[in-house]
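K.L.:
After the structure tokens below, expect a handful of questions from me.
The values are calculated or read from the model by the stated rules, or taken from the named source; none is laboratory data. Computed from a predicted structure; not experimentally measured. Here the Cβ positions follow ideal geometry from the backbone for every residue, glycine too, while neighbour counts run over all protein chains shown. Side chains are part of the model used for accessible areas, which takes the heavy atoms of the whole protein and leaves out ligands, DNA and RNA. Shrake-Rupley method; radii C 1.70, N 1.55, O 1.52, S 1.80 Å.
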Amino acid sequence: MDERASEIAEGRSAWVKPLLQGDAAGRVKARLKNPSDHVPAEIGGIALSNAGREIYAWWLEARGDKPMPSVADVDLRALVELLPYIRYLSWEDEKRLVFRIYGSALVEGSGFDLTGHNIFGPEHAQVATDRARLQALHAQPCGLLMIRDVYDRRGMSYPCEFMTLPIAPDADGKARVIGTVIPCELVSEWAVDVVLDRILTLRRAVFIDTGSGVPPASLGLGV
């Protein structure tokens, strides 16, 4: 770790440090009622992180025989170990997807609490495609696995796994999505001085067939 990374690590709350050390996310479990042997370990040639596979296992169990879980099916007690790595968002309108839960490990790992913020941020050339990609989760419905590069102030890139799954609208009519964010590479402690003022480079975007198919390749949403 360089000097800046050491300062970041030292400045963290003592209780959250274990969540960002070593393979902490590799040990968390969803509290499931049934075995999860049927849940794939990889999708589209991408090996799932433990947290990504666990939230997918929870999602499959929570939805039962429905296309996707409803808001009422989101039982945080079943997700308590995963919560530090979870982001839960709602579509406020057709252009704004807003963070409602931004896990403590994500807050400490990025240095930002994005609760209440629009995921798309400033408009740029890729926003329309990003929106369409996430809107497809309810239209199909399906899941989405992405690998995106997160950057530090030196311009160094760190690939991270973004697992995202749809939640059916509540009485308010707002569709939701839930998912995890996990670094792809194991580090002794996540102490990256993250910047969020640039586009997170998209390496892969693979839709997950949850029983209703996936968007056609002709739409150009997969990578």
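K.L.:
Residue check: is Asp113 more than 23 Å from Glu61 (Cβ to Cβ), open to solvent by 60 Å² or more (accessible area, probe 1.4 Å) and in a loop (DSSP other than H, G, I, E, B)?
P.N.:
Working: more than 23 Å from Glu61 (Cβ to Cβ): yes; open to solvent by 60 Å² or more (accessible area, probe 1.4 Å): yes; in a loop (DSSP other than H, G, I, E, B): yes.
It is true that Asp113 is more than 23 Å from Glu61 (Cβ to Cβ), open to solvent by 60 Å² or more (accessible area, probe 1.4 Å) and in a loop (DSSP other than H, G, I, E, B).
K.L.:
Being of a type in the set (A, V, I, L, M), part of a helix (DSSP H, G or I), in contact (Cβ under 8 Å) with a residue 24 or more places away in the chain and surrounded by fewer than 21 Cβ atoms within 10 Å (Cβ to Cβ) narrows it down to one residue among Ala132, Ala128, Ala105; which is it?
P.N.:
Ala132
K.L.:
With respect to Thr201, is the statement that it is surrounded by fewer than 16 Cβ atoms within 10 Å (Cβ to Cβ), touching a Gly at 6+ places or on another chain (Cβ under 9 Å) and polar (S, T, N, Q) true?
P.N.:
no
K.L.:
Residue under question is Leu144, and the condition is that it be modelled with pLDDT of 85 or more, buried (at least 16 other Cβ atoms within 10 Å of the Cβ) and not small (Gly, Ala, Ser); does it hold?
P.N.:
Spelling it out, Leu144 is indeed modelled with pLDDT of 85 or more, buried (at least 16 other Cβ atoms within 10 Å of the Cβ) and not small (Gly, Ala, Ser).
K.L.:
So, in the stretch 18-54, how many residues would count as being in a strand (DSSP E or B) and at pLDDT 95 or above?
P.N.:
Total satisfying the criteria: 4.
K.L.:
Regarding Gly45, is this residue surrounded by fewer than 17 Cβ atoms within 10 Å (Cβ to Cβ), closer than 22 Å to Ile182 by Cα and not hydrophobic (A, V, I, L, M, F, W, C)? Let's see the steps before the verdict.
P.N.:
Values: surrounded by fewer than 17 Cβ atoms within 10 Å (Cβ to Cβ): yes; closer than 22 Å to Ile182 by Cα: yes; not hydrophobic (A, V, I, L, M, F, W, C): yes.
Taking the combined requirement at face value, the residue satisfies it.
K.L.:
Looking only at residues that are closer than 14 Å to Leu165 by Cα and among the aliphatic types (A, V, I, L, M) in the stretch 89-103, which one is nearest to the chain's Cα centre (by Cα)?
P.N.:
Looking at the filtered set, the residue picked out is Leu89.
K.L.:
Among the residues of the stretch 74-93 satisfying the criterion of being acidic (Asp, Glu) and free of Cβ contacts under 8 Å to residues at least 40 places away in the same chain, which is surrounded by the fewest Cβ atoms within 10 Å (Cβ to Cβ)?
P.N.:
Only one residue fits best here, namely Asp93.
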